[in-house]
Amino acid sequence: MKTVTFPNGTQVPALGMGTWNMGDAESRRADEIASIRAGLEAGIRVVDTAEMYGSGRSEKLVGEAIRGLRDDVFLVSKVLPSNASRAGVRRACEASLKRLGTDWLDLYLLHWEGSVPLAETIAGFADLVDAGLIRSWGVSNFDTDGMRAVEAIHSPTPCAANQVLYSLDYRGVEFDLLEHDRAAGVVTMAYSPLGQGGELLRAPVLARVARRHTTSLGPATPAQVALAWVLRQPDVLAIPKAGSPKHQHENFAAQEIVLTRNDLAEIDGAIAPPRRKEPLAMI
């Protein structure tokens, strides 16, 4: 299983689990909890959530799903920019910990840059590390200039991760951000690696490539090819959402796909990589 390593030496599998829009519907709750548990049983370790997701409902769902399994989980949450003052970060983190039913986060991210000066937020993160409430910190939705600004601020602990939108239909980060993060020792976390709304997964090129591959579950699917394409990148941690155990197992099996040079060239021919700097995409 491919892994990524954070600056503090913690190593985790490069496939994690996202939980955006999970916990919003009682009718899906049992399946969503079962999906997270199925992922952990399979060997996935990273579970990503945020205080913004469902105004805390996602964190509560995650807390229920990982109850009794906390030591098996690399737990990530995010603070809203409006809560990112030095004192606000502490309050927000403690509220997230309560909803999650845990005493610490493995990684705590600034969800996106807001009006609070970065130096103040980073000082708040350092306070949380000192207090043992988080073990590392990072950012989300930061482009290259933003990462340079983060790196220019002294902190006793370095920025560990940058979570950004990255999939075949959002390739802009390939122009310079992925390499910048890699060179800085920052893990790039790819959210929505399967795209949005299913349109990407209907791309004919993914169906053609899928027909050339199999997994332990049977013939590969376009979704598995799209996920394998993200996972091929070094120092990238993909966090797709899976709302059911079946979907979770399909994501896990995508790690078995090794895309060939011909596969990658065919994909590039149909969905071109960026040729110039693009504004950072966010959803």
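Throughout, read-outs are computed from the coordinates displayed, never taken from laboratory work. Everything numeric here is computed off the predicted structure, so don't read it as measured data. As a convention, Cβ positions derive from the backbone with ideal geometry for all residues, glycine included, and neighbour counts pool all protein chains shown.
For segment 32-68, backbone nitrogen atoms closer than 19 Å to the point 7 Å from Leu80 Cα along Cα-to-C-beta are found at 49-62. For segment 187-283, the list of trypsin sites (Lys or Arg not before Pro) that fall in a loop by DSSP and count at most 13 other C-beta atoms within 10 angstrom reads Arg211, Arg275, Arg276, Lys277. Extension gain, Asp72-Arg148: 0.36 nm per intervening residue step, less the Cα-Cα distance, totals 24.1 nm.
Between the helical axis of 86-100 and the longest alpha-carbon principal axis of the chain there is an angle of about 60 degrees.
Stretched out fully, how many nm does the piece from Leu264 to Asp127 gain, at 0.36 nm a residue minus the Cα gap?
My answer for the length gained is 44.9 nm.
Each label was represented as a point 7 Å from its Cα along the Cα-to-Cβ direction; for Arg91 and Ala183 these points are 4.0 nm apart. Relative to the dominant Cα principal axis of the chain, helix 29-42 is inclined by about 80°.
Here the contact order of the chain, divided by its residue count and restricted to Cα pairs under 8 Å and six or more residues apart, works out to 21 percent. Here the contact order of segment 98-239, divided by its residue count and restricted to Cα pairs under 8 Å and six or more residues apart, works out to 19 percent. Enter the Cα centre distance for the pair segment 71-89 and segment 20-36, rounded to the nearest angstrom. One Cα centre to the other: 22 Å.
Among DSSP beta bridges whose residues both lie in the chain, state the antiparallel percentage, nearest 5.
Counting DSSP beta bridges with both partners in the chain, the antiparallel share is about 20 percent.
Estimated from helices alone, the mean residue ellipticity of the chain at 222 nm is -11000 deg cm²/dmol (sum of -39500 (n - 2.57) over DSSP H runs with n ≥ 4, per residue).
What order, most packed first, do the peptides 161-167, 1-7 have when packing is the mean number of other Cβ atoms within 10 Å of each residue?
161-167, 1-7
Principal-axis analysis of the Cα atoms of the chain puts helix 261-270 at an angle of about 80° to the longest axis. With the cut-off at 30 Å, tell me which of the pairs Lys2/Lys246; Lys2/Lys98; Lys60/Lys246 have Cα atoms farther apart than that. Pairs exceeding the cut-off: Lys2/Lys98. Rounded to the nearest whole angstrom, the semi-axes of the ellipsoid equivalent to the chain, taken from the Cα gyration tensor as √(5λ), stand at 30, 23, 16, largest first.
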